[in-house]
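The values are calculated or read from the model by the stated rules, or taken from the named source; none is laboratory data. As the structure is a computational prediction, the values presented were derived from the model and not from experiment. Note that we place each Cβ from the backbone using ideal geometry, even for glycine, and neighbour counts take in every protein chain shown. Protein only, heavy atoms only, side chains kept; ligands, DNA and RNA dropped before computing areas. Shrake-Rupley method; radii C 1.70, N 1.55, O 1.52, S 1.80 Å.
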Amino acid sequence: ENLWEPYKPCLWDEIPETLKDPNGNWVAAYYGIMAIGSNSKIVTEAPTSFADLKDPKYKGQVSLNGDPRESGAAFAAVMAASLANGGSFDDILPGIEYFAELKKSGNLTGVDVTEASVLSGETPIWIDWTYNYPGLAPKLAENGIEAAINVPTDGVYGGYYAQGVVKASPHQNAAKLWIDHIISDEGALGYIEGGAVPARYDALVKAGKVSEEMKKNLPAPELIASIAFPSQDQIAKAKDVLAAQWGTLVANG
């Protein structure tokens, strides 16, 4: 809709091609990988795959982080489930059908994942970004809860959040400075501290700026190396299919 003001921030060349618009309309600052979290107090055998989540012993225990038609995390969970069930970046339908089956069996609940729902045990098993777990860990520990976090073995999916400068906005230079900050070493290393993988991760590692201690909050190096991202066109088409099918097959099914 021509609403972005092109801007290529500092260290532009160190941002992978898949994490930026070639004309500078947007850049991704960080990304995460979908993971299955479970409350070890309630779930004695932690699921490690989408196939595991279909087990009857998890009835009424599995939750998504929002509605995939509105939530980026929930959308990513459906894409990951699609990859686990014969789909692809070009075919999200197997993921939608998977969650339709999970709801029909009673395993999928309609409860959104929040810090409160995890702490209360209302959402014993949840699917969310890897970077949302490190911040939750201290609160869980305070309440005597240990969480098992597993990237599903059958559906590895990574997704990013991106931003750009709004055209004709009143303070464009402030927007540009902010984007410069989150792409810079300071901003990128801050994302690592919070458990997210910054867009410039490979360059930071190569420059020796990421210690082994810092990597503890991140997914395993082999998982980070294996991540591929769908194109904007593939995401847009997947969202169209989701909008058309989720209500009928899952939400209202």
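Assorted remarks:
- Computed from Cα positions, the angle between helix 232-246 and the longest principal axis of the chain comes to roughly 30 degrees.
- Positive minus negative residues near Gly110 (Lys, Arg vs Asp, Glu; Cβ under 10 Å): -1
- Histogram of C-alpha separations across the stretch 95-143, 10 Å bin width, %: 22, 47, 24, 6
- Whole-Å distance, taken between Cα centres, linking the stretch 62-96 and the stretch 154-233: 22 Å
- Between helix 72-84 and the chain there is an angle of about 70 degrees, using the helix long axis and the longest principal axis of the Cα atoms.
- Tilt relative to the chain, helix 172-183 - C-alpha long axis, 0 to 90 degrees, to 10: 60 degrees
- Within the shell defined by Cβ-Cβ distances under 10 Å, the residues around Val165 carry a net charge of +1, with Lys and Arg each +1 and Asp and Glu each -1.
- Computed from the Cβ-Cβ distance with R0 of 41 Å, the FRET efficiency linking Lys104 to Asp233 stands at 0.80.
- Mean residue ellipticity (222 nm) of the chain, computed from DSSP H runs ≥ 4 via -39,500 (n - 2.57), nearest 500: -10000 deg cm²/dmol
- Over 19 Å [Cα-Cα, the stretch 24-163], rounded percent: 47 percent
- Sorted from greatest to least, the principal axis extents spanned by the alpha carbons of the chain come out as 52, 42, 33 Å.
- Net charge of neighbours whose Cβ lies under 15 Å from the Cβ of Asp67, counting Lys and Arg as +1 and Asp and Glu as -1: 0
- Accessible surface, per residue, of the stretch 200-241 when the full set of protein chains is kept, probe 1.4 Å, Å²: 63 Å²
- For the stretch 165-224, Kirkwood radius (reciprocal of mean inverse C-alpha pair distance, Å): 12.7 Å
- Bridges between two residues of the chain, per DSSP, are antiparallel at a rate of about 85%.
- Percent accessible area from carbon and sulfur atoms, the chain, protein chains only, probe 1.4 Å: 51 percent
- Flagged links, alpha-carbon separation over 27 Å, of Lys41/Lys209; Lys59/Lys215; Lys103/Lys237: Lys41/Lys209; Lys59/Lys215
- Accessible surface for the stretch 34-142, divided over its residues, is 40 Å² per residue with a 1.4 Å probe.
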